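Below is one structure, written out as structure tokens; the observations come after it.
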Amino acid sequence: MGKLKRFLVPVMLLIIFEIVAVVLWLAKGELFYLLNFSYIGICLSGGLILYAYHFKYARLAVQLAVGLYMLVYLGLISQENMQIEGFWYYLFLGIFEAATIHYAVAKIFGPLLFGRGWCGYACWTAMVLDLLPYKVPQKPRKKWGYLRYLLFIGSLLFVGILFLCQVPHLERVMFWSFIIGNILYYSIGIILALVLQDNRAFCKYLCPVTVFLKPMSYWSLLRVKNDESKCLHCDKCRQVCPMDVEMTNNSRKRINGTECILCLRCTEECPTKALHL
Ligand code: SF4
Ligand code: SF4
């Protein structure tokens, strides 16, 4: 990263999050939005600055700071279901807050700017999966991506049926579905990672959120690019990518291009620094 660029991306990110924080604070009249989005923006941009200064655990620190905040404070203490079921729930209620705002910013419109930054720096499921031993997949990728659509439809049907059947105490049901859903995600994610020897197997095959993330991140402004005049075609970048991305190809149609989580491992490994944001 050049000296200017070292600060450009984090500062731009902080400005975007502050704009979202102030707009939502003024629009909704709740200080929570100012604090919430400022906190996330500061964590993300601070982490990127630490990364630029080669702090080895910068990404992990951001993942823990944002992921734990969302899981423990928003999910468990404030009892907001921030999983995809929570998104459907608030959407069906016609309420634009909590999970609907979270999805709009992090998973639907935000990826047009910062791709799957959510997956690399904030997701509380991946925060745990990334601690497992298989940071780089040890086996060829499976063609199981269709499973994510089954989970996506399953989550929609689950909440739809709750509404159709007029299940009482829906808020309580959603809170427990958040807890049970997370236990299932962690258990399945860990088992899959160990069996397939790939920490991110859950993200590649099962995560229903990727149904939003993948098409939107196709157009991402922020993406890894290759300066082909410097590239040695040594393949070292490909060997460290957790998501099997063909990052040496600058086309948006690069293989697994919408899987990139912006972890920047490839840019670190490149001996000629041909890869950059
Ligand atoms: S793919 Fe899903 S589980 Fe994986 S990091 Fe992204 S949102 Fe989290
Ligand atoms: S190693 Fe590079 S291409 Fe692969 S996910 Fe990380 S940033 Fe994206």
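The values are calculated or read from the model by the stated rules, or taken from the named source; none is laboratory data. Source: prediction; values computed, not measured. Because the Cβ atoms are built from the backbone with ideal geometry, glycine has one as well, and the counts that use them run over all protein chains shown.
Couple of notes before you dig in:
- Which numbered condition Thr248 fails, given (1) among the β-branched types (Val, Ile, Thr); (2) within 11 Å of ligand 2 (Cβ to nearest atom); (3) closer than 30 Å to Ile84 by Cα: (3)
- Inter-residue pairs, beta-carbon under 9 Å, first in the same structural domain as Tyr186 (by TED's automatic domain parsing) and aliphatic (A, V, I, L, M) and in region 124-148, second away from ligand 1 (no atom under 13 Å from the Cβ) and part of a loop (DSSP other than H, G, I, E, B), 6+ apart: Val136/Cys241
Let's see how each residue does on (1) within 16 Å of ligand 1 (Cβ to nearest atom); (2) hydrophobic (A, V, I, L, M, F, W, C); (3) within 19 Å of Leu113 (Cβ to Cβ):
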site: Lys204; (1), (2), (3): yes, no, no
site: Cys207; (1), (2), (3): yes, yes, no
site: Ser217; (1), (2), (3): yes, no, yes
site: Val224; (1), (2), (3): no, yes, yes
site: Lys230; (1), (2), (3): no, no, no
site: Asp244; (1), (2), (3): yes, no, no
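- Segments classed as helices (runs of 4 or more DSSP H), wholly inside region 81-143, with at least 1 members that are more than 14 Å from ligand 1 (Cβ to nearest atom) and farther than 16 Å from Gly189 by Cβ: 84-93, 99-102, 111-114
- When Glu18, Glu30 are checked against the criterion of being of a type in the set (D, E, K, R), in contact (Cβ under 8 Å) with a residue 12 or more places away in the chain, farther than 14 Å from Trp124 by Cβ and not assigned by TED's automatic domain parsing to the domain that holds Val211, Glu18 stands alone in meeting it.
- Among the residues of region 255-277, those identified as within 16 Å of ligand 1 (Cβ to nearest atom) and either of a type in the set (Val, Ile, Thr) or not in a helix (DSSP H, G or I) (or both) are Asn256, Thr258, Cys260, Ile261, Leu262, Cys263, Leu264.
- Selection of region 183-235 for residues being within 14 Å of ligand 2 (Cβ to nearest atom) and either closer than 12 Å to Arg148 by Cβ or polar (S, T, N, Q) (or both) yields Asn199, Cys203, Lys204, Thr210, Leu213, Lys214, Ser217, Ser220, Asn226.
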